[in-house]
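Chemist: Let me begin by handing over the structure; questions about it come next.
Values quoted throughout were computed directly from the atomic coordinates according to the rules given, and no laboratory measurement underlies them. All of these numbers come straight from a predicted model, not from anything done at the bench. Cβ sites come from the backbone with ideal geometry, for glycine too, and all protein chains shown count toward neighbours.
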Amino acid sequence: MTTAVTNPRHGGEEEGAARSASLRGGGRAAGGRTAVVARARQVVKAYGSGETRVVALDSVDVDIARGQFTAIMGPSGSGKSTLMHCLAGLDTVTSGEIFLDDTEITRLKDKKLTQLRRDRIGFIFQAFNLLPTLNAIENITLPMDIAGRKPDAEWLRRVVDTVGLSDRLKHRPNQLSGGQQQRVAVARALAARPEIIFGDEPTGNLDSRAGAEVLGFLRTSVDELGQTIVMVTHDPVAASYADRVLYLADGRIVDEMERPTADAVLDRMKDFDARGRTS
């Protein structure tokens with residue numbers, strides 16, 4: 001559902017530009033970590049063979065900057081969800097390389113890849129994927145409980161405060177609205193302090209008000225908690241919360257936009273649609 005709410009950007013233009021410039025320029029973020037948290041090099045994803053072969057990703061090169069919010073857009077069948085799934089290690093590539101920081105995930109065996117996804121990557125999907133028998137705080141800490149890791153109490157408190165769940169922690173999913181359930185899913189993704197969070201249409205099942213709230217929490221998690229987020233969306237307003245929008249068409253990145261606005265994103269998408277009709 002389209003989130004038809006004006007985006008109240010967090011932080012000024014100068015602050016955002018300075019952050020973007022620092023990430024592009026030095027190559028290293030604070031603490032010596034690389035400023036590029038994930039990258040794809042000449043990635044091809046194809047299905048089938050011979051005459052039935054379909055290329056979903058066609059020699060894609062992309063860098064995902066640490067501490068930024070990146071949106072991926074494109075028409076149906078453009079490869080945007082496939083790209084996100086490959087970057088997240090949820091799908092294999094036909095050829096090419098994908099790195100998370102300095103780890104090449106395309107060469108990892110299943111067990112190591114599962115461990116990497118559990119320990120270093122967060123996920124937010126259109127379906128909330130909460131366990132109905134657990135309350136909100138139990139759902140939030142479940143991945144760490146499964147991994148045998150104790151949550152960082154101070155970080156967990158900050159996450160809960162950021163997504164506005166302090167008074168809902170003992171409620172089970174059926175006692176929460178759809179927007180509150182997605183907030184729990186956002187907090188679950190943030191709680192383990194992953195290096196990167198991937199969201200696949202995370203506001204797709206929400207009404208405009210709840211969707212705007214969740215997008216605001218994602219924006220705040222970048223600005224105030226230093227999180228890195230990659231989100232697939234079809235919604236220009238949702239994309240306007242990002243620092244950068246990547247546009248895919250026919251399995252290739254064909255354009256990008258920095259500091260997007262909803263109107264600018266919509267105009268760009270209309271332009272792509274018009275090109276598709278005349279090609």
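Chemist: At a Cα cut-off below 18 Å, give the aspartates and glutamates reachable from residue 150, other chains included and same-chain residues fewer than 8 away excluded.
Modeler: 119, 138, 195
Chemist: Tell me, what HN-Hα J-couplings in whole Hz come from the Karplus equation 6.51 cos²θ - 1.76 cosθ + 1.60 at θ = phi - 60° for each residue of region 212-228, using x for Gly and Pro?
Modeler: 5, 4, 5, 4, x, 5, 5, 4, 5, 5, 6, 5, 10, 10, x, 6, 10
Chemist: Apply the a/c threshold of 1.5 to the C-alpha gyration tensor of the chain and tell me whether it is rounded, prolate or oblate.
Modeler: rounded
Chemist: Quote the relative contact order of region 163-279 in percent (integer), defining contacts as alpha-carbon pairs under 8 Å separated by 6+ residues.
Modeler: 19 percent.
Chemist: List the residues whose amide H sits under 5 Å from the amide H of residue 231, counting only those 5 or more places along or on another chain, with H placed 1.01 Å from N in the peptide plane.
Modeler: Those qualifying (amide H under 5 Å, at least 5 residues apart or on another chain) are 70, 71, 72, 199.
Chemist: Which of rounded, prolate or oblate describes region 50-155 when judged by the alpha-carbon gyration tensor and an a/c cut-off of 1.5?
Modeler: prolate
Chemist: For the chain, with only Lys/Arg (+1) and Asp/Glu (-1) charged at the beta-carbon, what is the dipole magnitude about the Cα centre, in debye rounded to 20?
Modeler: 760
Chemist: Here is a further query. Using DSSP to define loop residues, name the chymotrypsin sites (Phe, Trp or Tyr not before Pro) in region 196-254 whose beta-carbon has at most 16 other beta-carbon atoms within 10 Å.
Modeler: none
Chemist: Please list the non-local residues whose amide H lies under 5 Å from the amide H of residue 121, H modeled 1.01 Å from N, same-chain partners needing a gap of 5 or more.
Modeler: Here 195 satisfy the definition.
Chemist: Given a Förster distance of 35 Å, report the FRET efficiency between residue 256 and residue 145 from their Cβ-Cβ distance, rounded to the nearest 0.05.
Modeler: Values: r = 39 Å, r/R0 = 1.10.
The calculated FRET efficiency here is 0.35.
Chemist: I would also like to ask the following. Can you tell me the dipole magnitude for region 54-195 around its Cα centre, using point charges on the Cβ only (Lys, Arg +1; Asp, Glu -1), in Debye to the nearest 20?
Modeler: Computed charge dipole of region 54-195: roughly 620 debye.
Chemist: Who wins for biggest fluctuation among 149, 118, 268 in a Gaussian network model of the chain, springs between alpha carbons below 10 Å?
Modeler: Looking only at 149, 118, 268, the largest GNM fluctuation is found for 149.
Chemist: Counting only residues 5 or more places away or on other chains, whose amide H sits under 5 Å from the amide H of residue 249 once H atoms are built in the peptide plane?
Modeler: 254
Chemist: With an 8 Å Cα cut-off and a minimum separation of 6 or more residues, compute the relative contact order for the chain in percent.
Modeler: Once normalised by length, the contact order is 27 percent.
Chemist: On to the next question. Would you list which lysines come within 19 Å of residue 109, measuring only between C-alpha atoms, while excluding same-chain residues fewer than 8 positions from it?
Modeler: List returned: 45.
Chemist: Once the Cβ-Cβ distance between residue 166 and residue 209 is put in as r, and R0 is 30 Å, what FRET efficiency do you end up with, to the nearest 0.05? Walk me through the intermediate numbers first.
Modeler: On the way: r = 20 Å, r/R0 = 0.66.
Result of the calculation: an efficiency of 0.90.
Chemist: Here's something else I'd like to know. Which whole-Hz ³J(HN,Hα) couplings does region 199-207 yield from phi under the Karplus relation 6.51 cos²θ - 1.76 cosθ + 1.60, θ = phi - 60°, glycine and proline marked x?
Modeler: x, 9, 6, x, 10, x, 9, 10, 6
Chemist: From the backbone phi of region 58-65, what are the Karplus-calculated ³J(HN,Hα) couplings (6.51 cos²θ - 1.76 cosθ + 1.60, θ = phi - 60°) in whole Hz, Gly and Pro given as x?
Modeler: Values, residue by residue: 10, 6, 7, 10, 7, 10, 10, 6 Hz.
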